[in-house]
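Student: Got a structure for you, written out below as structure tokens; questions coming shortly.
The values are calculated or read from the model by the stated rules, or taken from the named source; none is laboratory data. Fair warning: this is a prediction, and the values are worked out from it, not measured in the lab. Ideal geometry is used to build each Cβ from the backbone, glycine not excepted, and the neighbour counts take in all protein chains shown. Areas reflect the complete protein model, heavy atoms only, side chains present, ligands, DNA and RNA absent. Shrake-Rupley method; radii C 1.70, N 1.55, O 1.52, S 1.80 Å.
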Amino acid sequence: MTEPILKARNLVKRYGKVTALDHCDFELMPGEILAVIGDNGAGKSSLIKALSGAVQPDGGEIWLDGKKVEFASPLDARAHGIECVYQTLAMSPALSIADNMFMGRELRKPGIMGSLFRKLDRPAMEKFAREKLNELGLMTIQNINQAVETLSGGQRQGVAVARAAAFGSKVVILDEPTAALGVKESRRVLELIRDVRSRGIPIILISHNMPHVFEVADRIHIHRLGKRLCVIRPDDYTMSDAVAFMTGAKEAPGEPMAA
Amino acid sequence: MTEPILKARNLVKRYGKVTALDHCDFELMPGEILAVIGDNGAGKSSLIKALSGAVQPDGGEIWLDGKKVEFASPLDARAHGIECVYQTLAMSPALSIADNMFMGRELRKPGIMGSLFRKLDRPAMEKFAREKLNELGLMTIQNINQAVETLSGGQRQGVAVARAAAFGSKVVILDEPTAALGVKESRRVLELIRDVRSRGIPIILISHNMPHVFEVADRIHIHRLGKRLCVIRPDDYTMSDAVAFMTGAKEAPGEPMAA
Amino acid sequence: DSACLITKTDTNPFFVKMKEGAEAKAAELGIELKSYAGRIDGDNESQVAAIEACIADGAKGILLTPSDTSAIVDSVKAARDAGILVIALDTPLDPIDAADATFATDNFQAGLLIGEWAKATMGDAAANARIGLLDLAISQPSVDVLRDQGFLQGFGVDLGDPNKWGDETDPRIVGHEVTAGNEEGGLTAMEALLAKDPDINVVYTINEPAAAGAYEALKAVGKEGSTLIVSVDGGCPGVKNVAGGVIGATSQQYPLLMASKGIEAIAAFAKDGTKPAPTEGKNFFDTGVTLITDKPVDGVESIDATKGAELCWG
Amino acid sequence: MTSNGNTAAGFEEGLQGASEKVAEFHDDKSLLKRVQHWLHQTPSAVPMIVLAVSVVVFAILSENFFRATTMSTILQQIAIVGILGCAQTLVILTAGIDLSVGAIAVFSSVLMGQLTFRYGIPAPMAIVLGLALGTAMGAINGLLISRLKLPPFIVTLGTWQIYLSANFIFSANETIRSQDIAESAPALQFWGNAVQPGGVKILFAVFLMIALVAIMSYVLRHTAWGRHVYAVGDDAEAAQLSGVRTDRMILQVYALAGLFCAIAGWVMIGRFGSVSPTASTGQLGNIQSITAVVIGGISLFGGRGSIVGMFFGALIVGVFEMGLRLVGTDPQWTFFLIGVLIIFAVAVDQWIRKVSS
Amino acid sequence: MTSNGNTAAGFEEGLQGASEKVAEFHDDKSLLKRVQHWLHQTPSAVPMIVLAVSVVVFAILSENFFRATTMSTILQQIAIVGILGCAQTLVILTAGIDLSVGAIAVFSSVLMGQLTFRYGIPAPMAIVLGLALGTAMGAINGLLISRLKLPPFIVTLGTWQIYLSANFIFSANETIRSQDIAESAPALQFWGNAVQPGGVKILFAVFLMIALVAIMSYVLRHTAWGRHVYAVGDDAEAAQLSGVRTDRMILQVYALAGLFCAIAGWVMIGRFGSVSPTASTGQLGNIQSITAVVIGGISLFGGRGSIVGMFFGALIVGVFEMGLRLVGTDPQWTFFLIGVLIIFAVAVDQWIRKVSS
Ligand SMILES: Nc1ncnc2c1ncn2[C@@H]1O[C@H](COP(=O)(O)OP(=O)(O)OP(=O)(O)O)[C@@H](O)[C@H]1O
Ligand SMILES: Nc1ncnc2c1ncn2[C@@H]1O[C@H](COP(=O)(O)OP(=O)(O)OP(=O)(O)O)[C@@H](O)[C@H]1O
Ligand SMILES: OC[C@H]1O[C@](O)(CO)[C@@H](O)[C@@H]1O
Ligand SMILES: [Mg+2]
Ligand SMILES: [Mg+2]
């Protein structure tokens, strides 16, 4: 086995009385699709928020590419090549698709207009955004300057996923990217995930949809009560087993990190 | 065939440039579970909002039990025995579970305290709420006076469903009640739905989850581009067919109301 | 023994001086003085609350420059019922006998002096004067009415009802605007009058801060030389402005005198219950008023700015 | 139910015997935590404690402070703000804000006065009319907010100016003198009467304020209408969907707030004796009442807090102002310290919410 | 990928050949709709039109109105509100509010004046210090809001009182005379200088205001920082998650607002000539600037609107005040009509949003 690209040990995160992460471990291998499954409130979102700098864990350590990292903010994680689509999507409704895609990494005009007057290079950003959306064949958006709030839920989710896919150079994280999507729209997202992986970028996928998970995942991280319970391969176990593990109905297999 | 308990004809609802409902028809039979499926943005939520008084349609007519009705507000629909769990749950986060369950239909103390001073009968409301939650075996809530905001997403959805199930005397409507739920939690909601039906109350269930739909539905209303495309029985068609109809991949069967 | 000083604001230099004078006198006579003020000129409620605090504090006397001369009367009565000596300073109550005594400038006289001076200075042109009036507040407290009407009388304008300003019909009047008695108010009010009639050539102002604001507005349109500004106060900055030609004439008041007389009266009252007496022939104690100008005219008594500077306050 | 149902969801058989445990809870039993928890449960506790502390401090600093007469004076000084605070509390609980409260109060008092004196309507009748017109002014706010869906801040910013200038125009800036009122329309000054148990004068106005707070506290806590006020402020859309007539509710709340303001206007006549269109309540009443509400721990985002907290908030400001006056601080220092107090009160509140969340 | 994957989602084969159509759009091409759409796309259009209409109306009603001198007077009257409006716009775009703008402006002007006259610091140095201190006051607001997570309304309600009373205490209520400043520290009055093309006097202050609006319009529209301001106001959490340092942003915005207020304070010296701690801007600057922002079509909920709209908003108020004065209405009618204007402007805005949504 090669070295994990993203690794965490003993992550702890408390919200008041609730311990959302309770000495949780995590590993993502290069080039893989790792699914994370678990009951509601198991701490999945908290885990990926800690990995992507959206929350600061109260304890524990994170390594990226073998180097210890501490992300003070999502921007920080992004600078290291980690892109995340959060459960809430994290888009600014009144801003345009291009504005949203480039939020926090805007392109500036070349020359003095950019360096001194810090003028945005709108045409370049729009061109890139249009390309990315088309390239991913995800949707039929007429106007790249449309405000995000005028998009349907599915289109919005598409823009968020496209943003992550376009900019994630090391790791792409998706938190329940298909929860609100219909059958057709979900299918597209799954295709996109495969697409990203085929570019060599590993993906963390959180989902409650077992068929989807077993379809695309290379490995499945099962989360329970704030901890990693075990990691399984979809070929070794059935969906029924996975469900039994994650709900505590069955004893988890004796893998290294089992709680 | 008996008379439909809830029927609509030619419903129209426009939001600015978008026509969410485009001369849509609808029928719910007594005692049945009717699933409504369709792409994102097909107009499913708009349909049930119109049926439950949450929006006023721009055109069209609705009959309940054979009588024409016009609901000015959800309260109005409720007075007619129609209960709805909206996609957004519609709970007041800072208020207690009991407050939320009885919102708009509070119990008052007997005697002069209730009639003149309009004092709420807290103990009675709490008792009822606790009973309902236990009876439905849905969750382990310690304190009925807990603010709803302190509940997990799953628990919250449970309270909303329990409220509808407890008070719906004619029709219970559920809009994607399991979208954010895990495997275990979803299963409970499905059980609850069967439970309500077994009390003789018909249910409208909106869901993107085909296996769930085909498992519990007696009939499936397929919605497309703001209209009812067709109604099928799960025994007559496969999931694959249903998906093909709703996405426009296949021509819908020649049922009466096909577009 | 303790006493209270309640002024309209604690930001107008006039009241700042008044407070200093009262403090000095109180220290000399061994009286403990607490000072209160409204938030803005016209803030009656704060003055009511201050009176109530003085009652609670067991003060022997209150010196009050009322912001709303009729609205405050009941509170004054409550204080007097509690055995406190209440003296109005600077601005008489409405009715004037609601206070035990009033130590003030004869405000009508103050207005009259500058009115007569302006009329005499303009000579024949007075018949076609364009007059702007910068008043205090829309509630028309007594001091506001007295000075305004005094000025108009002095200038030879028919007053209509002498108990209010604004009902005159003389076509020479361009308009009345309120200033809250400060620079900014004076400036914007003057700008409004100028927009109404750019040919204004006489400006009455309620006090010197308002006059300073009016001057800036006139300067902005280059009319500072050709417009006559008259005012009331005689504070040191105002007297300097007379010397510098900013203000043509001002009626000087004596706030330090009001304050020290007031404290003395309270001290006397605390000792043996004697109440101060008004000036002969008037229903208040007149602390005097003097016209200051460097361009004296016949028939109106005045002193020059150098002399005025010796008497000025603040 | 259907033939293919159970196959599709076949993996769910894994659920059999699923555990009931949901998440781990560490019950922290430290004293500090328990105190925080209690404070969190009791929204009016923080202002109550601040109040008690400030009373003690001022009693030490000034011998004249902790006396029955001083206390009754403080109560009478906050009567108007307290009544306006009832109006403001209702509105803020619905996540609104009412900048026009002071203007409605002053205009209502002017209406009562002028209807009596200028138009010769008998005083009791004029009072009823004044109350009705104040309610109507509130209702106009409510209509603009609930029907036209305009933000409360802007609507009441506009009507504040409108009502206040209408008040000046209508009154022709005339003050009606106390003596005249006492003589020919004493009903207008009703709330200025007092009881004197043991020589300490307590205005009727004070009892009225306390009664209004008590009644509204009952209504908000123990009636359906009160719960609906909270629900609307918490999440208006959710309230609407779960059966509250949100629009009607908002209209009622602003109209009732208007009524309270008109009552405050009537009380103003009793307290000040005269009727004056320039009363500074017209300018400052909104900020004063919002300050009481905020110090009282009511959330400006709606849905959280208690009207009793507002009462303590008003009392705290009253105690501060009187205390600092008696101590003899410069008035500007009083304003300064009240500014600090506002921020401090809200910071404490935030801290409690955060730690005990 | 995995053995059982495709069986589980087997029903999805129904997707083959799925249509691409998503929802039906009726493109309404009526003129009214197109106008509405254009208005919706151009947030400063409504105030611009209101402005044009009111200028025309007043020009008809009063012959003195449409004159170069009157126009330049209006511009100079709104210079201070316009600069405070720049500060307020920034803050409101982040969904905040700043009630302390006027207090910061007045205190800064007093600081500049007293540092020169009382402490003998050379005027240019005193100006720099005054600007720095104004920025610091804004930064204090920003710190309380971004670090302690207190609501902007409450923080600035508190600091408004704090800065204003600090201003009175520090100045000892002394006014510095215009003539003294002109003599020994003319730099303080810099913005009161004027150019006179064709005899019409235009203050430097007017050019400054226009320059600031232009610069901020560029910054908000064409730089990343500007987009981030909008993003924070639109949805602060989303902005944070998508890579904006929200806390730092908010701190910067309030600090910059403080700087603008201090600039306004400097301009006040030029415009009023003297330095006065009682300038009513301290009390009214917040309401005046909020009014300009609101009439200018900027949403109080943040994230929507343009600073050019604020400029038109300030101009509309200026035109109204001057126009109504010239027409000879009672000043109270001016306030009344401005109240109506505020509500009207927002109602129109709401209507456009609704119909063209
Ligand atoms: N901001 C927060 N404040 C307080 N508690 C929180 C917060 N975020 C999460 N929690 C709590 O932490 C626990 C873990 O939440 P988390 O969102 O990580 O669960 P999850 O596994 O993503 O659940 P789901 O499948 O429902 O998304 C839950 O009990 C939740 O209530
Ligand atoms: N309040 C609203 N304002 C404007 N447009 C709306 C509104 N509500 C719905 N729409 C639009 O109406 C159409 C139908 O929406 P609706 O919510 O009914 O779809 P749905 O079938 O429930 O979709 P989903 O499966 O995503 O919940 C969509 O295009 C949506 O954008
Ligand atoms: O604001 C009006 C007040 O201003 C003064 O003239 C002092 O400047 C006082 O005499 C008067 O009461
Ligand atoms: Mg989650
Ligand atoms: Mg929906």
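Student: Could you tell me which of the pairs C:K8/D:K201; C:K34/C:K261; C:K77/D:K201 are separated by over 20 angstrom between their Cα atoms in the structure shown? Spell out each step's value before the answer.
Tutor: Details: C:K8/D:K201 28 Å; C:K34/C:K261 17 Å; C:K77/D:K201 15 Å.
Check vs 20 Å cut-off fails for C:K8/D:K201.
Student: Using Cα pairs closer than 8 Å and at least 6 residues apart in sequence, work out the relative contact order for segment A:115-242, in percent.
Tutor: Details: 101 pairs, mean separation 21.1, N = 128.
Contact order relative to length: 16 percent.
Student: Roughly how many Å² is the accessible area per residue of segment C:44-125, as a whole number, for a 1.4 Å probe? The partial results should precede the final answer.
Tutor: Details: 2000 Å² over 82 residues.
Value returned for segment C:44-125: 24 Å² of accessible area per residue.
Student: Based on the Cβ-Cβ distance from C:D294 to C:A127, what FRET efficiency comes out when R0 is 25 Å, to the nearest 0.05?
Tutor: Details: r = 25 Å, r/R0 = 1.00.
Rounded to the nearest 0.05, the efficiency is 0.50.
Student: Over segment D:32-353, give the accessible area per residue in Å² for a 1.4 Å probe, as an integer.
Tutor: Working: 10600 Å² over 322 residues.
The answer is 33 Å² per residue.
Student: Another question, then. Choose one of D:G17, E:S62, C:N44: the residue whose Cα lies farthest towards the positive end of the charge dipole of the protein assembly as shown (beta-carbon charges +1 Lys, Arg; -1 Asp, Glu; about the Cα centre).
Tutor: Toward the positive end, the furthest listed residue is D:G17.
Student: OK, next. Using the heavy atoms of the protein chains and a 1.4 angstrom probe, tell me the accessible area per residue for chain A in square angstrom. Present the calculation step by step, with values, prior to reporting the outcome.
Tutor: Working: 9440 Å² over 259 residues.
The answer is 36 Å² per residue.
Student: Can you tell me, using C-alpha contacts under 8 Å and at least 6 residues apart, the relative contact order of chain C as a whole percent?
Tutor: Working: 728 pairs, mean separation 59.4, N = 314.
Across chain C, relative contact order equals 19 percent.
Student: In debye, nearest 20, what is the charge dipole magnitude of segment B:1-106 about its Cα centre with +1 on Lys and Arg Cβ and -1 on Asp and Glu Cβ, if you could check? Present the calculation step by step, with values, prior to reporting the outcome.
Tutor: Values: 11 positive and 14 negative charges, 56 e Å.
Approximately 260 debye in magnitude.
Student: Can I ask one more? In what order, largest first, do E:M71, D:M310 sit by accessible area if the probe radius is 1.4 Å?
Tutor: Sorted by accessible area, descending: E:M71, D:M310.
Student: Another question, if that's okay. Would you work out which of C:I292, E:L256, A:F26 lies farthest towards the positive end of the dipole of the protein assembly as shown, given +1 charges on the beta-carbon of Lys and Arg and -1 on that of Asp and Glu, about the Cα centre?
Tutor: A:F26
Student: So what's the net charge close to A:D76: Lys and Arg +1, Asp and Glu -1, counting the other residues with Cβ under 11 Å from its Cβ? Write down the numbers at each step before the final one.
Tutor: On the way: positive: A:R78, E:R245; negative: A:E70.
For residues surrounding A:D76, the net value is +1.
Student: Quick one: buried accessible area between D and E, total over both chains, 1.4 angstrom probe, nearest 100 Å²?
Tutor: Rounded to the nearest hundred, the buried surface is 3300 Å².
Student: Could the peptides E:132-141, A:232-241 be put in order, highest first, of the mean number of other beta-carbon atoms found within 10 Å of their residues?
Tutor: On the way: E:132-141: 22.7, A:232-241: 17.0.
With the highest mean Cβ count within 10 Å placed first, the list reads E:132-141, A:232-241.
Student: Pick out, from D:S306, C:P13, E:S276, the residue whose Cα sits farthest towards the positive end of the charge dipole of the protein assembly as shown, with +1 on the Cβ of Lys and Arg and -1 on the Cβ of Asp and Glu.
Tutor: Towards the positive end, the residue furthest out is D:S306.
Student: Rounded to the nearest percent, how much of the accessible area of the protein assembly as shown (1.4 Å probe, protein heavy atoms only) is carbon and sulfur? The partial results should precede the final answer.
Tutor: Details: 31810 of 55080 Å².
Accessible surface attributable to carbon and sulfur in the protein assembly as shown totals 58 percent.
Student: Related question: Give me the inter-chain shielding for C:188-195: mean count of other chain Cβ atoms within 10 Å, whole number please. If you can, show how the numbers build up before the last one.
Tutor: Values: counts 5, 2, 0, 7, 9, 1, 3, 14.
Whole-number average of other-chain Cβ neighbours for C:188-195 is 5.
Student: Between chains D and C, what is the buried accessible area summed over both chains (1.4 Å probe, protein heavy atoms, nearest 100 Å²)?
Tutor: Values: alone 18230 and 12660 Å², together 28360 Å².
Summing both chains' loss of accessible area gives about 2500 Å².
Student: Could you rank the peptides B:120-128, D:261-269 by their average count of other C-beta atoms within 10 Å per residue, with the highest value first? Don't skip to the end; give the middle numbers.
Tutor: Numbers: B:120-128: 17.2, D:261-269: 29.9.
The most tightly packed comes first, giving D:261-269, B:120-128.
Student: Hey, another quick one. Using a Förster distance of 35 Å, how high is the FRET efficiency between C:D272 and D:V200, based on the Cβ-Cβ distance and rounded to 0.05? Spell out each step's value before the answer.
Tutor: On the way: r = 30 Å, r/R0 = 0.85.
Efficiency for this residue pair is about 0.75.
Student: So what's the angle, to the nearest 10 degrees on a 0 to 90 scale, between helix C:183-196 and the longest Cα principal axis of chain C?
Tutor: Between the helix axis and the principal axis of chain C, the angle is about 30 degrees.
Student: Let me ask something else about it. Counting only complete DSSP H runs, which helices of chain E cover 20 Å or more along their long axis at the Cα atoms and score a mean Kyte-Doolittle of -1.0 or above?
Tutor: Values: long enough: E:45-61 (24 Å, 2.91); E:68-93 (34 Å, 1.58); E:101-117 (24 Å, 1.72); E:123-146 (33 Å, 1.72); E:152-171 (27 Å, 1.06); E:204-222 (26 Å, 2.00); E:246-272 (38 Å, 1.20); E:281-295 (21 Å, 0.93); E:307-327 (30 Å, 1.98); E:331-356 (38 Å, 1.16).
Helices meeting the criterion: E:45-61, E:68-93, E:101-117, E:123-146, E:152-171, E:204-222, E:246-272, E:281-295, E:307-327, E:331-356.
Student: Rounded, prolate or oblate: pick one for segment E:74-209, where a ≥ b ≥ c are the square roots of the eigenvalues of its C-alpha gyration tensor, a/c under 1.5 means rounded, and failing that, prolate if a/b is larger than b/c, else oblate. Provide the component values of the computation, followed by the final result.
Tutor: Numbers: a/c = 2.49, a/b = 1.37, b/c = 1.82.
Here segment E:74-209 falls in the oblate category.
Student: Given a cut-off of under 8 Å on Cα pairs at least six residues apart, what relative contact order in percent is computed for chain E?
Tutor: Numbers: 571 pairs, mean separation 114.9, N = 357.
After rounding, I find 32 percent.
Student: Just checking the output field for D:148-158: average partner chain Cβ neighbours within 10 Å of each residue's Cβ? Intermediate values should be presented prior to the final figure.
Tutor: Values: counts 6, 5, 6, 6, 1, 7, 13, 4, 1, 9, 12.
Average per residue, whole number: 6.
Student: Moving to a separate point now. Loop-only check: which chymotrypsin sites (Phe, Trp or Tyr not before Pro) in segment E:55-128 are DSSP coil with at most 15 other Cβ within 10 angstrom?
Tutor: On the way: sites: E:F58, E:F65, E:F66, E:F107, E:F117, E:Y119; in loops: E:F65, E:F66, E:Y119.
Qualifying residues, ordered by number: E:F66, E:Y119.
Student: Mind giving me the nanometre distance, one decimal, between the label points for B:Q87 and E:K149, set 7 Å out from Cα along Cα→Cβ?
Tutor: With each label placed 7 Å out from Cα toward Cβ, I get 2.9 nm.
Student: Among all the aspartates and glutamates, which ones have a C-alpha under 15 Å from A:K170's C-alpha, if same-chain residues fewer than 8 places away are not counted?
Tutor: Leaving aside aspartates and glutamates fewer than 8 places away in the same chain, those within reach of A:K170 are A:E3, A:E27, A:E32, A:D65, A:D76, A:E83, A:D195.
Student: Any idea what the dipole of the protein assembly as shown comes to, in debye rounded to 20, about its Cα centre with Lys/Arg Cβ at +1 and Asp/Glu Cβ at -1? Walk me through the intermediate numbers first.
Tutor: On the way: 130 positive and 146 negative charges, 670 e Å.
Once rounded to the nearest 20, the dipole reads 3220 debye.
Student: Taking the 0 to 90 degree range and rounding to the nearest ten, how far is the long axis of helix C:44-56 tilted relative to the main principal axis of chain C, both from C-alpha atoms?
Tutor: 20 degrees
Student: Where in chain E lies the longest segment free of trypsin sites (Lys or Arg not before Pro) that are both loop residues by DSSP (not H, G, I, E, B) and have at most 11 other Cβ atoms within 10 Å? List each step's numbers first, then the result.
Tutor: On the way: sites that count: E:K29, E:R147.
Longest stretch, sites excluded: E:148-357.
Student: Would you tell me the mean number of C-beta atoms belonging to other protein chains that fall within 10 Å of each C-beta in B:100-108, as a whole number?
Tutor: Details: counts 5, 1, 4, 10, 11, 3, 5, 1, 3.
Whole-number average of other-chain Cβ neighbours for B:100-108 is 5.
Student: Report the calculated FRET efficiency for E:V35 and B:A72 (r = Cβ-Cβ distance, R0 = 22 Å), to the nearest 0.05. List each step's numbers first, then the result.
Tutor: Working: r = 32 Å, r/R0 = 1.47.
With R0 = 22 Å, the Cβ-Cβ based efficiency is 0.10.
Student: Turning to a different aspect of this structure: Excluding ligands, DNA and RNA, what is the accessible area buried between chains A and B, summed over both sides, using a 1.4 Å probe, to the nearest 100 Å²?
Tutor: Values: alone 12250 and 12270 Å², together 23260 Å².
About 1300 Å² of accessible surface is lost on pairing.
Student: Let me know the shape class of chain E, please: from the alpha-carbon gyration tensor, a ≥ b ≥ c as square roots of the eigenvalues, rounded when a/c is under 1.5, otherwise prolate if a/b is greater than b/c, or oblate. All intermediate terms of the calculation are to be shown ahead of the outcome.
Tutor: Numbers: a/c = 2.72, a/b = 1.52, b/c = 1.80.
Here chain E falls in the oblate category.
Student: Treating only the Cβ of Lys, Arg, Asp and Glu as charged (+1, +1, -1, -1), what charge dipole size does segment E:189-263 show about its Cα centre? Round to the nearest 20 debye. Walk me through the numbers on the way to the answer.
Tutor: Working: 5 positive and 4 negative charges, 63 e Å.
Dipole of segment E:189-263, to the nearest 20 debye: 300 debye.
Student: Under a point spin-label approximation (7 Å from Cα along Cα-to-Cβ), what is the C:L311-C:S226 distance to one decimal in nm?
Tutor: Each label point is offset 7 Å from its Cα along the Cβ direction, giving 3.4 nm.
Student: Any idea what the E:L284 label distances to the other copies are, label 7 Å down the Cα→Cβ vector, nm, shortest first?
Tutor: For E:L284, the other copies' label points sit at 1.7 nm, shortest first.
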